[in-house]
Amino acid sequence: DRSNKDLIKNINLILKPGDYLGISGKSGTGKSTLLDIILGLIKPTSGNILVNGIDINLPESKIYLGKWQNSISYVPQSPLILNDSIKKNLLLNGSKNKYISEKELHEILEVVQLKEFIHSLPYKMDTILGDDGNSISGGQKQRIAIARALLKKGKILVLDESTSGLDRQTEKLLLENIVSTFPELIIIFVSIE
């Protein structure tokens with residue numbers, strides 16, 4: 001029974017723009033718990049989560065906690081894909097900017113290595129993806145979700161096992177593209193050993 005035992009102890013993280021944090025481990029080692037604490041979804045049993053010197057878990061910090069969470073673009077391992085067009089799936093992002101130009105969409109598609117694939121489709125961005133994106137591969141779904149997260153323009157990108165559908169070379173190139181295109185972005189990358 002792990003309910004009486006701390007999964008995570010003595011962790012100090014300082015993240016600033018441009019930092020990359022990798023969290024790796026076997027299932028059950030506390031990766032998701034640490035991520036949930038960083039995201040402000042659960043409170044640590046001891047210690048503090050400070051964002052710009054403000055403890056986000058204090059009752060008077062609820063507004064600040066909301067701002068913190070809105071600055072995060074989160075991509076899960078199994079992303080939500082609607083039975084709609086590629087374009088609508090990309091724009092399902094809660095972007096701070098209501099308008100995203102075609103140029104911006106194409107630049108992001110290049111970063112996530114989907115531009116050529118989408119341009120090879122007969123209906124291009126208007127291609128319907130089917131229920132849960134059943135007309136595309138798992139890796140393509142994940143890259144659409146990563147593109148969606150990047151279009152949100154958050155300060156932090158959390159990739160929670162969200163490149164598991166990619167081979168190592170594609171994953172490496174994707175991460176290099178993101179880092180070089182968004183040098184101020186804090187990236188938290190979670191993977192299973």
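Every number here is computed from the coordinates shown, using simple stated rules; none is lab data. Quick caveat: nothing in here was measured; it's all calculated off a predicted structure. Reconstructed Cβ throughout: ideal geometry from the backbone, glycine too, with neighbour counts over all protein chains shown.
Quick notes on this one:
- Here's how it looks for ILE23: its modeled amide H is under 5 Å from those of PHE189, VAL190, SER191, which are all 5 or more places away or on a different chain.
- R0 of 35 Å, Cβ-Cβ distance GLU116-LYS26: FRET efficiency to nearest 0.05: 0.45
- Cα gyration tensor shape of the stretch 75-171, rounded if a/c is under 1.5, else prolate or oblate by comparing a/b with b/c: rounded
- Counting 0.36 nm for each residue step from ASN48 to SER71 and taking away their Cα separation leaves a gain of 6.4 nm.
- By DSSP, the beta bridges lying fully in the chain are antiparallel in about 15 percent of cases.
- Placing unit charges on the Cβ atoms only, positive for Lys and Arg and negative for Asp and Glu, gives the stretch 53-193 a dipole magnitude near 460 debye about its Cα centre.
- In this rough spin-label picture, where each label sits 7 Å from Cα along the Cβ direction, the ASP19-LEU58 distance is 2.1 nm.
- The length gained on full extension between ILE128 and GLU107, counted as 0.36 nm times the residue separation minus their Cα-Cα distance, comes to 5.5 nm.
- Listed options for Rg/Rh (Cα atoms, Kirkwood Rh) are (i) 1.02; (ii) 1.54; (iii) 0.99. The value calculated from this structure is the one marked (iii).
- The helix-based estimate of mean residue ellipticity at 222 nm for the chain, built from -39,500 (n - 2.57) per DSSP H run of four or more residues and divided by its residue count, is -10000 deg cm²/dmol to the nearest 500.
- Less than 5 angstrom separates the built amide H of LEU92 from none of the residues sequence-distant by 5 or more or on a different chain.
- Assigned charges on the beta-carbon of Lys, Arg, Asp, Glu; the stretch 107-184 dipole about Cα centre (debye): 180 debye
- Exposure here means at most 12 other Cβ atoms within 10 Å; with chymotrypsin sites (Phe, Trp or Tyr not before Pro) in a DSSP loop as sites, the longest stretch of the chain lacking them is 1-98.
- Farthest toward the positive end of the dipole of the stretch 2-136, out of SER85, ILE100, SER46, is the Cα of SER46, where the dipole comes from beta carbon charges about the Cα centre.
- Taking 0.36 nm per residue of separation and subtracting the Cα-Cα distance, full extension of the segment from ILE8 to SER78 would add 22.7 nm.
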